[in-house]
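The values are calculated or read from the model by the stated rules, or taken from the named source; none is laboratory data. Please read all numbers here as calculations on a predicted model, not as lab measurements. Here the Cβ is made from the backbone with ideal geometry for all residues, glycine too, and neighbour counts use every protein chain on show. Protein only, heavy atoms only, side chains kept; ligands, DNA and RNA dropped before computing areas. Shrake-Rupley method; radii C 1.70, N 1.55, O 1.52, S 1.80 Å.
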Amino acid sequence: MAETTIFWFRQDLRLTDLPGLCAAAERGAVLPVFIHDPSLGNEWSLGGASQWWLHYSLKSLQASIEARGGELILRRGAPEDVLTALIEESGASAVYSSRQYQPWATSLETTLHETLTDEGIDYKRYAGTLLFEPGSVLTGGGTPYKVFTPFWRACLQSEAPREPRSIPDVEWHVGVRSESVEDWNLRPSNPNWADGWESLWSPGEEGATRRLDDFLAGTVKHYGDGRDIPAEAYTSRLSPHLKFGEISPRQIWHAAQYAKQRLPEAAESIDKFLSEIGWREFCYTLLDQFPEMPNKPFKAQFDHFPWAGTQKALKAWQKGLTGYPIVDAGMRELWQTGFMHNRVRMITGSFLTKHLLTHWRAGELWFWDCLVDADIASNACSWQWVAGSGADASPYFRIFNPIAQGEKFDKAGEYVRRYVPEIANLPDKYIHKPWEAPASILEQSGIVLGDTYPEPIVDHKSARQSALAAYEEVKNS
Ligand code: FAD
């Protein structure tokens, strides 16, 4: 009888370009397994929006495996216990999976390796999540990069990512008991804050491929000039698909190279898009060097930063009730859709850490819970970038002016009107600063400041001064 290998799906919920699955299929029969461990990662266990996504992503993977004659086995519990039980039930002699990079993954994988090897089980991990494994692209001095631009340049000069693998022919090991994803209660109820998200997103490999194809078929032409305009859908929105591994960065890389041949006029935009994929790689490189990144500032002097934010201000920010329309629009987009445009992530992040002097971890945790693309490396790295404490960060004294940012990137207020409808009737001139509108205009627009829409929670100029003064305290420490 053929040897059975357990293929343990993790954040790689696809069948295409999965080296570990290919290796398992070559070895004999494959038992495909997904383990849900609600406590894995402690406070960094999956947030609410990611759990919603996971439900549908698993359904999609289940359907793909079923269509090929297999059955995805779902089990809840600690990976070590679940794998041990499954080995016993199936007689499997090997466990293969894709490598993971979360700070807790290394110790989990080391323990598993020791335990399973002791029991005579072949335990292997395969690359499959990144284009360049952390530690594989190094400076001339042999150390990992801490600055993005030279990192990405070195990536582009190293060996090109190999072609993606196709779905292997798999002989499935069947007949093992599975739990039901419905019983895991991954979707919210009471209230169902994700109501309507099914029409916004298509979790799963098929949805990911379709999104990539649609993006590269035309939208990408607008990426270079339009990626900062939050009212437009000019970015790929591939981030949640990448987070759950429904598509591999290698598939994206190669599809983008073909698109460059097909659309030479979009070559610059496509390179810009690939450099953003490069930022994802860079975030993982930083996390690998500094596993405390989700919790601790990369620059040690920020340990002593005089954060002075209040719970009340944090709540107003979370609810999109700060009185700054572009900030409020972003926070409401996040709540209503599980996503926020990158430009607005930077504006809302700067506002929280600088205008409200609130610790970046409060924002990081809120995003973690609310984003469908919440990713341990990109979220931590980006929050530290915004707060100025990161490795290759925006300097702390670069304080985004929420009015100027709104006027520049949402000129006609289209994005603000979409998410802050109570001020939609304001003329463009005041859409980013309702408090400057004359009383007659506010009245005509149906707005009572402090009642139908908040007064600004802080004054921009004085908040800026306070932030700079706070920074002076730690600058040279
Ligand atoms: P596109 O512009 O189409 O980019 C393509 C892909 O490149 C994205 O899907 C993503 O995987 C990657 N990418 C793009 N920008 C970045 C970036 N700055 N850093 C790392 N990777 C990037 N991204 C996440 O995937 N998960 C997070 O939890 C996350 N948290 C963030 C928090 C803050 C405060 C900020 C400022 C940014 C955060 N980002 C995060 C980065 C970025 O906002 C999103 O990746 C991007 O908005 C996703 O939209 P898209 O897929 O349309 O991106």
Counting sequence-distant residues (5 or more places) and residues on other chains, those with an amide H built under 5 Å from that of GLU171 are VAL30
So the carbon and sulfur contribution to the accessible area of the chain, 1.4 Å probe, in percent, is 49
Output ordering of 222-228, 332-338 (per-residue mean of other Cβ within 10 Å, highest first) is 332-338, 222-228
The stretch 142-182 scanned against label point 7 Å out from ALA85 along Cα→C-beta; backbone N under 15 Å for 176-181
Expressed in nanometres to one decimal, the distance between label points 7 Å along Cα→Cβ at LYS315 and TRP184 is 3.4
For the stretch 385-477 the mean separation of alpha carbon contacts under 8 Å (6+ apart) over residue count, i.e. relative contact order in percent, is 20
Between GLU232 and ALA127, the two model label points (7 Å from Cα along the beta-carbon direction) sit apart by a distance in nm of 3.5
Residue by residue through the stretch 29-39, the couplings from Karplus 6.51 cos²θ - 1.76 cosθ + 1.60 with θ = phi - 60°, in Hz, x for Gly and Pro, are 6, 10, 9, x, 9, 10, 10, 9, 10, x, 9
When the charge dipole of the chain is computed with +1 at the Cβ of Lys and Arg and -1 at the Cβ of Asp and Glu, the Cα pointing farthest to the positive end, of ASN185, GLY446, VAL420, is that of GLY446
If one compares the long axis through the Cα atoms of helix 105-118 with the longest principal axis of the Cα atoms of the chain, the angle in degrees, nearest 10, works out at 10
For the chain, the dipole about the Cα centre with charges only on Cβ (Lys and Arg +1, Asp and Glu -1), to the nearest 20 debye, works out at 1460
For CYS370, the accessible surface traced by a 1.4 Å probe with all protein chains present amounts, in square angstrom to the nearest 10, to 10
Expressed in square angstrom to the nearest 10, the accessible area of GLU66 with a 1.4 Å probe stands at 110
Length-normalised contact order of the chain, Cα under 8 Å, at least 6 apart, in percent, tallies to 17
Long-range amide H partners of ALA94, meaning residues 5 or more apart or on another chain whose placed amide H is closer than 5 Å, are ILE6, ASP122
Sorting ASP81, ASP122 on solvent-accessible surface, 1.4 Å probe, most exposed first, gives ASP81, ASP122
For the stretch 432-445, Karplus-derived ³J(HN,Hα) couplings (6.51, -1.76, 1.60; θ = phi - 60°; whole Hz; x for glycine and proline) come out as 9, 8, x, 5, 8, 6, x, 3, 5, 5, 4, 5, 4, 8
Expressed per residue, the solvent accessible area of the chain in Å² (1.4 Å probe) is about 42
Listed by chain and number, the residues whose amide H is under 5 Å from that of GLY245, excluding neighbours fewer than 5 places away on the same chain and using placed H, are LEU13
In terms of the charge dipole of the stretch 58-193, which places +1 on Lys and Arg and -1 on Asp and Glu at the beta carbon, the residue among TRP172, THR106, ALA94 farthest towards the positive end is THR106
Per the C-alpha gyration tensor (a ≥ b ≥ c, the square roots of its eigenvalues), the stretch 3-128 is rounded if a/c is under 1.5, else prolate if a/b beats b/c, else oblate; here it's oblate
Taking Cα atoms only, helix 325-337 is inclined relative to the longest principal axis of the chain by an angle, in degrees rounded to 10, of 30
Counting only backbone N atoms under 12 Å from a point 7 Å out along Cα-to-Cβ of ILE403, the residues of the stretch 427-449 in range are 430-437
Along the stretch 238-249, Karplus-curve 3J(HN,Hα) (6.51, -1.76, 1.60; θ = phi - 60°) to the nearest Hz, with x for Gly and Pro, reads 8, 4, x, 5, 5, 4, 8, x, 7, 9, 9, x
Yeah, the stretch 320-477 with a ≥ b ≥ c from its alpha-carbon gyration tensor (a/c under 1.5 is rounded, else prolate when a/b outruns b/c, oblate otherwise) is oblate
For the chain, using Cα atoms only, the Rg and Dmax in Å read 23.8, 83
A student asked for the Cα radius of gyration and Dmax of the stretch 302-360 in angstrom ought to give 11.4, 35
If each part is reduced to its alpha-carbon centroid, the stretch 455-477 and the stretch 161-226 end up apart, in Å, by 42
Nearest-0.05 FRET efficiency for ALA67 and ALA217 at R0 = 35 Å, using Cβ-Cβ distance, is 0.85
The value for the stretch 78-227 (convex hull of the alpha-carbon atoms, volume per residue, Å³) is 233
1/(1 + (r/R0)^6) with r = Cβ-Cβ of GLU292 and GLU109, R0 = 25 Å, i.e. FRET efficiency to nearest 0.05, evaluates to 0.85
Whole-Å distance linking the alpha carbon centroid of the stretch 340-370 with that of the stretch 280-324 is 7
Between the Cα axis of helix 267-289 and the main Cα principal axis of the chain, the angle (0 to 90°, nearest 10) is 70
Taking only protein heavy atoms and a 1.4 Å probe, the highest-to-lowest accessible-area order of THR115, THR322 is THR115, THR322
CD proxy, 222 nm, the chain: helix-only mean residue ellipticity via -39,500 (n - 2.57) per DSSP H run with n ≥ 4, per residue, nearest 500, stands at -13500 deg cm²/dmol
Between the modelled labels at ARG262 and GLU472 (7 Å from Cα along Cα→Cβ) the distance in nm is 5.7
To the nearest 0.05, the calculated FRET efficiency linking SER462 and ILE167 through their beta-carbon distance, R0 being 60 Å, is 0.55
